[in-house]
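What follows is one structure encoded as structure tokens, with my remarks underneath.
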Amino acid sequence: MARKKLIAGNWKMNCLLENGTALAKAVAEKVKAQKYNCDFLICPPFTLLGAVKKCLRGSKIALGAQDVHFAEFGAHTGDISPLMLTDIGCKYVIIGHSERRTDHGESNSLVKKKAIAAHQAGLITVICIGETGAERDASKTIEVCQNEISRSVPENATAQNTVIAYEPIWAIGTGKTPTAQDVQEVHAAIRSALAKKLGKAVADRMRILYGGSVKPNNAAELLTLPDVDGALIGGASLKADDFVAIAANALK
Ligand code: PEP
């Protein structure tokens, strides 16, 4: 089953107007300069969505946010709704990143509620799952991922409106990655869990990204695995050369 790869950058809580727009412009220029057979996505902080959108105009790079509330409008101080994201030009939204699950206590049921609201607004969700180091040491990786797929992903999710990102928490920002064999094994198990929940036809088409210390030098090994359909990239997405080199290394 051919699935177009997605190379996604999660800027997290980084960049101000000046360096954020410079970064977005640099990525857009580099992506335009080459023919890449993949989709690109940049997810800056909320404050930069409008400015980055302008920098991406005319490029094939989509804009995404890093979180969303489930309500349309109302008394939710500090939150941003799905409609606000589409209004400013977002196509995607990351939901359930481990930093939100940890820092803000976001549960699987909240992640699912947000995903349902985001889909209703026409957004594509990137739903993040992954085990802690302790869960990995206890050989619970697949069990944790199956549980998160079962509880975080809406029952009517489709391959068009949902992307899964497998991000082992112990690999995020640490420079450590699972072996390629482990990544493939977990991705295959995630696809089986998706098939059980959504049917094989949907699961076969749904993109499953790997995230956690993806760099230009490990991209080829990780992103050419049969069930890996792209990458969610944190640290390396803050350097235009590295971000684009990941796509170039993986897709040549
Ligand atoms: C992330 O937080 O989504 C991530 C994958 O970060 P990094 O690439 O820095 O490990």
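The values are calculated or read from the model by the stated rules, or taken from the named source; none is laboratory data. The structure presented is a predicted model; accordingly, all values stated were derived computationally and were not measured. We place every Cβ from the backbone using ideal geometry, glycine too, and count neighbours over all the protein chains shown. Areas reflect the complete protein model, heavy atoms only, side chains present, ligands, DNA and RNA absent. Shrake-Rupley method; radii C 1.70, N 1.55, O 1.52, S 1.80 Å.
Where residues in segment 217-233 are open to solvent by 20 Å² or more (accessible area, probe 1.4 Å), closer than 17 Å to LEU6 by Cα and of a type outside the set (D, E, K, R), which of them is nearest to the ligand (Cβ to nearest atom)?
Here the residue is ASN218.
On the given criteria, is GLU167 without any contact (Cβ under 8 Å) to a residue 60 or more places away in the chain and not polar (S, T, N, Q)?
So GLU167 does not fit the description; no.
Could you please tell me which pairs satisfy a Cβ distance under 7 Å, a separation of 6+ or placement on different chains, a first residue in segment 198-216 that is within 12 Å of the ligand (Cβ to nearest atom) and of a type in the set (D, E, K, R), and a second residue that is open to solvent by 10 Å² or more (accessible area, probe 1.4 Å) and outside any loop (DSSP other than H, G, I, E, B)?
LYS215/ASP242
Can you tell me which of (1) assigned to a helix (DSSP H, G or I); (2) of a type in the set (A, V, I, L, M, F, W, C); (3) more than 12 Å from the ligand (Cβ to nearest atom) is the one PHE243 doesn't meet?
All conditions are met except number (3).
Anything in segment 82-116 that is assigned to a helix (DSSP H, G or I), of a type in the set (A, V, I, L, M) and either surrounded by 22 or more Cβ atoms within 10 Å (Cβ to Cβ) or within 15 Å of the chain's Cα centre (by Cα) (or both)? List them, or say none.
LEU85, VAL111, ALA115, listed by residue number.
So for segment 33-40 (the condition being assigned to a helix (DSSP H, G or I), at pLDDT below 95 and more than 16 Å from the ligand (Cβ to nearest atom)), does at least one residue qualify?
Yes - at least one qualifying residue is present in segment 33-40.
(1) within 22 Å of VAL163 (Cβ to Cβ); (2) open to solvent by 60 Å² or more (accessible area, probe 1.4 Å): which one isn't true of PHE73, the others all being true?
Tallying (1) within 22 Å of VAL163 (Cβ to Cβ); (2) open to solvent by 60 Å² or more (accessible area, probe 1.4 Å), PHE73 fails exactly one: (1).
Would you pick out the residues in segment 195-209 that are hydrophobic (A, V, I, L, M, F, W, C) and not in a strand (DSSP E or B)?
ALA195, LEU198, ALA201, VAL202, ALA203, MET206
List every residue pair whose Cβ atoms lie under 8 Å apart, where the two residues are 6 or more positions apart in sequence or sit on different chains, the first residue falls within segment 16-30 and is assigned to a helix (DSSP H, G or I), and the second residue, located anywhere, is hydroxyl-bearing (Ser, Thr, Tyr) and open to solvent by less than 60 Å² (accessible area, probe 1.4 Å).
ALA28/SER59
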